[in-house]
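The values are calculated or read from the model by the stated rules, or taken from the named source; none is laboratory data. Quantities reported herein were computed from a predicted structural model and do not represent experimental measurements. Positions of Cβ are backbone-derived with ideal geometry, glycine not excepted, and every protein chain shown enters the neighbour counts.
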Ligand code: KG4
Ligand code: ZN
């Protein structure tokens, strides 16, 4: 079965052809980073405009790279939410038009379900039940997937997502956008015990995440020590590298504490680490060590599948297709769509 998948929820226009939900025959990603970088974050109006320009060529290229035509496609999968409404609409309307014009079924896919299914494109056998830690710019959540395509939400963030904290801390220090990869690199040359950050605790005892307090603690540290924004990314002082390494340790420790507690509570057959922040080298290596110690097989997608891409939407869409999920003709973009609640 071949699915054409489309993703446009944030600042990446992407299209892919996925075979049997397991193999990406193509995965074209047109990123807008250079457009948004000078504003220090994603500007929704600019994002929708660029999606409009890119969507046609990106879909054509995905079909071309997979060496097939629309006739060979069995279904179209598209991200319907969550995300920026103007961005979502571009992919969604394009997918609707293609489905209608070519008489193909349309499958609505939740963006986070896409992230959860990304590793299924890279590994043949991921045993279930699986615990999936999804860490991205918009989400930080822990799901238990007992059966393929069924998600139960165990933890979520109460405020900022982990990736959002990376982006805001980088902006505060004048390091540019997106903050994750920049901090990842700089933190590698810093001392992670230089600054102590307290881990957030939920007053109601729920196993949720919270990163806005950490972001504020970094801001207080910067003010107290009168650290100026960096003039250049290539000349970052040691005290900033130390601060970044300590911040990164705090993020990774908070994520791993919840993950380890959930492993003990739910005894999954596997753990999935996915989403844009799963590209982080420290998170990848610390999670690997922790899961090896706990004896649970860990599945982390390769870097091109951790950040936003359409192949993961095709993988999740294929599972949904087999569950009988189809879009109604009035499918709308859902900027705040949830799953597994
Ligand atoms: O999954 P994604 O591409 O988009 C969303 O669905 O949000 O995630 C983007 C986020 C951004 O916040 C970016 O800073 C972060 O992932 N990110 C990283 C790294 N690479 C990307 N965070 C930490 N370390 C990285 N290496
Ligand atoms: Zn994402």
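Identify all residues within region 130-151 that are over 15 Å from residue 271 (Cβ atoms) and over 14 Å from the mean Cα position of the chain (by Cα); write none if there are none. It would help to see each step written out before you state the result.
The first filter runs over region 130-151 and keeps only residues over 15 Å from residue 271 (Cβ atoms), leaving 136-140, 147-150.
Result: 147, 148, 149, 150.
Any residue that is in a helix (DSSP H, G or I) and either more than 18 Å from residue 119 (Cα to Cα) or within 16 Å of ligand 2 (Cβ to nearest atom) (or both) - is there at least one of those in region 268-276? Yes - at least one qualifying residue is present in region 268-276. Residues of region 178-208 that are within 16 Å of ligand 2 (Cβ to nearest atom) and surrounded by 20 or more Cβ atoms within 10 Å (Cβ to Cβ): 178, 179, 180.
Any residue at all in region 282-294 that's more than 16 Å from ligand 2 (Cβ to nearest atom) and in a loop (DSSP other than H, G, I, E, B)? No, region 282-294 contains no residue that is more than 16 Å from ligand 2 (Cβ to nearest atom) and in a loop (DSSP other than H, G, I, E, B). Scan (1) within 20 Å of residue 275 (Cβ to Cβ); (2) in a helix (DSSP H, G or I); (3) more than 16 Å from ligand 2 (Cβ to nearest atom) for the single condition residue 87 breaks and write down its number. If we test residue 87 against (1) within 20 Å of residue 275 (Cβ to Cβ); (2) in a helix (DSSP H, G or I); (3) more than 16 Å from ligand 2 (Cβ to nearest atom), just (3) comes out false. In region 100-139, the residue that is farthest from ligand 1 (Cβ to nearest atom) out of those that are in contact with a helix residue (DSSP H, G or I) (Cβ under 6 Å, 6 or more places away or on another chain) and farther than 17 Å from residue 273 by Cβ is 102.
Checked against the criteria, residue 149 does not count as touching a helix residue (DSSP H, G or I) at 6+ places or on another chain (Cβ under 9 Å) and within 16 Å of ligand 2 (Cβ to nearest atom). On the basis of being away from ligand 1 (no atom under 16 Å from the Cβ), in a loop (DSSP other than H, G, I, E, B) and either touching a strand residue (DSSP E or B) at 6+ places or on another chain (Cβ under 7 Å) or within 28 Å of residue 111 (Cα to Cα) (or both), does residue 206 make the cut? Taking the combined requirement at face value, the residue satisfies it.
All conditions in (1) within 16 Å of ligand 1 (Cβ to nearest atom); (2) at negative phi; (3) touching a residue at least 24 places away in the same chain (Cβ under 8 Å) hold for residue 268, with the sole exception of (1). Here residue 17 qualifies as at pLDDT 95 or above and buried (at least 17 other Cβ atoms within 10 Å of the Cβ). Can you say whether residue 213 is in a helix (DSSP H, G or I), under 24 Å from residue 241 (Cβ atoms) and out of contact with any strand residue (DSSP E or B) (no Cβ under 7 Å at 6 or more places or on another chain), as far as the supplied structure shows? Taking the combined requirement at face value, the residue satisfies it.
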